[in-house]
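Chemist: This is the structure, below, for whatever I ask next.
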Amino acid sequence: MQNKLQDYISPKVLPQVLKLLEHDHLDVKVKNERKTRHGDYMRLPNGKHQITINSNLNEYRFLITLIHEIAHFEAYKAYGRFIKPHGIEWKKTFQHLMLPFLNPEIFPIELLPLLAKHFKSPKASSDSDVVLALALKQFDEPNNKTFIFEVPLGQTFKLYNGKVFKMGVKRTKRFECVEVKTGRLYLFNPNAEVELIPSKVGIL
């Protein structure tokens, strides 16, 4: 287990994390990037339990995601399989497991107030907490992507799947964007990352 995780999280937290994972029926797999999720937890048909985490996450998001998924396992053990996936039992478990990690020896000082606020009532995904998600992305490897909230009105952009959209107006929290091919309206979170399509300028 140590060999799987030592490349993704700080040596400072590795012993604590490995202690949480000391269970014969729990396995952790590090996967290639999945666009729709950072990680997941499932109970396998053979009775064992599996956690998967994306390999492209920075060390802080990797740790948060891993503890998030461990909390699913611990909540299952404590409360049974009929609880809501991100209900009160999971929230309490996640808060309890995460608390020892919320200190300046583990997280950058600028993240700690945001994490403290987030963990008053953790969400199903840290991406749902826009302020925290943007702060965490500062520690990602540089890329050519732009956040939705930075895209100018009327600008076209594309997603990882190749679909092209035109930027629209902001609603209360999300942005209206129209898929160019179909004309369908979609709502995007402000921290979604997209690739801008350069405007074609005619030559006179």
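Chemist: Could you grab me the full set of residues in the range 131-146 that are within 14 Å of the chain's Cα centre (by Cα) and over 23 Å from HIS72 (Cβ atoms)?
Modeler: Correct list: VAL131, LEU134, ALA135, LYS137, GLN138, PHE139, ASP140.
Chemist: Look through the range 180-196, keep the residues that are within 19 Å of ASP127 (Cβ to Cβ) and among the charged types (D, E, K, R), and return whichever of them is modelled with the lowest pLDDT.
Modeler: Looking at the filtered set, the residue picked out is GLU193.
Chemist: Answer with yes or no whether ALA133 is among the small types (Gly, Ala, Ser) and in contact (Cβ under 8 Å) with a residue 40 or more places away in the chain.
Modeler: yes
Chemist: Restricting to the range 18-44, give me the number of residues that are in a strand (DSSP E or B), surrounded by fewer than 16 Cβ atoms within 10 Å (Cβ to Cβ) and of a type in the set (D, E, K, R).
Modeler: Within the range 18-44, residues that are in a strand (DSSP E or B), surrounded by fewer than 16 Cβ atoms within 10 Å (Cβ to Cβ) and of a type in the set (D, E, K, R) number 6.
Chemist: Turning to a different aspect of this structure: Inside the range 97-116, can you point out the residues that are touching a helix residue (DSSP H, G or I) at 6+ places or on another chain (Cβ under 8 Å) and in a helix (DSSP H, G or I)?
Modeler: Result: LEU97, MET98, PRO100, PHE101, LEU114, LEU115.
Chemist: Then there's this: Just to be sure I understand the filter: pairs with C-beta atoms under 7 Å, separated by 6 or more residues or on different chains, first member in the range 2-30 and in the same structural domain as MET98 (by TED's automatic domain parsing) and without any contact (Cβ under 8 Å) to a residue 12 or more places away in the chain, second member surrounded by 13 or more Cβ atoms within 10 Å (Cβ to Cβ) and among the hydrophobic types (A, V, I, L, M, F, W, C). Which pairs pass?
Modeler: Partner pairs satisfying both residue conditions: GLN6/LEU14.
Chemist: Let me spell it out: the conditions are (1) closer than 23 Å to GLU59 by Cβ; (2) surrounded by fewer than 15 Cβ atoms within 10 Å (Cβ to Cβ), and PHE147 meets all of them except one. Which number is the exception?
Modeler: In the conditions (1) closer than 23 Å to GLU59 by Cβ; (2) surrounded by fewer than 15 Cβ atoms within 10 Å (Cβ to Cβ), PHE147 misses (2) alone.
Chemist: Here is a further query. Restricting attention to the range 45-74, which residues are over 20 Å from the mean Cα position of the chain (by Cα) and buried (at least 16 other Cβ atoms within 10 Å of the Cβ)?
Modeler: HIS49 - this is the single residue of the range 45-74 that is over 20 Å from the mean Cα position of the chain (by Cα) and buried (at least 16 other Cβ atoms within 10 Å of the Cβ).
Chemist: Answer with yes or no whether ARG43 is under 30 Å from ASN161 (Cα atoms), without any contact (Cβ under 8 Å) to a residue 24 or more places away in the chain, of a type in the set (D, E, K, R) and out of contact with any Asp or Glu (no Cβ under 6 Å at 6 or more places or on another chain).
Modeler: no
Yes/no matrix, rows are residues, columns are (1) part of a loop (DSSP other than H, G, I, E, B); (2) modelled with pLDDT of 95 or more; (3) in contact with a helix residue (DSSP H, G or I) (Cβ under 8 Å, 6 or more places away or on another chain):
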{"position": "VAL131", "(1), (2), (3)": "no, no, yes"}
{"position": "LEU134", "(1), (2), (3)": "no, no, no"}
{"position": "PHE149", "(1), (2), (3)": "no, no, no"}
{"position": "VAL169", "(1), (2), (3)": "no, yes, no"}
{"position": "VAL178", "(1), (2), (3)": "no, yes, no"}
{"position": "PRO198", "(1), (2), (3)": "yes, no, no"}
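The values are calculated or read from the model by the stated rules, or taken from the named source; none is laboratory data. Since we're looking at a predicted model, the values are computed, not measured. Neighbour counts are summed over all protein chains in view; Cβ atoms, including those assigned to glycine, are modelled from backbone coordinates with ideal geometry.
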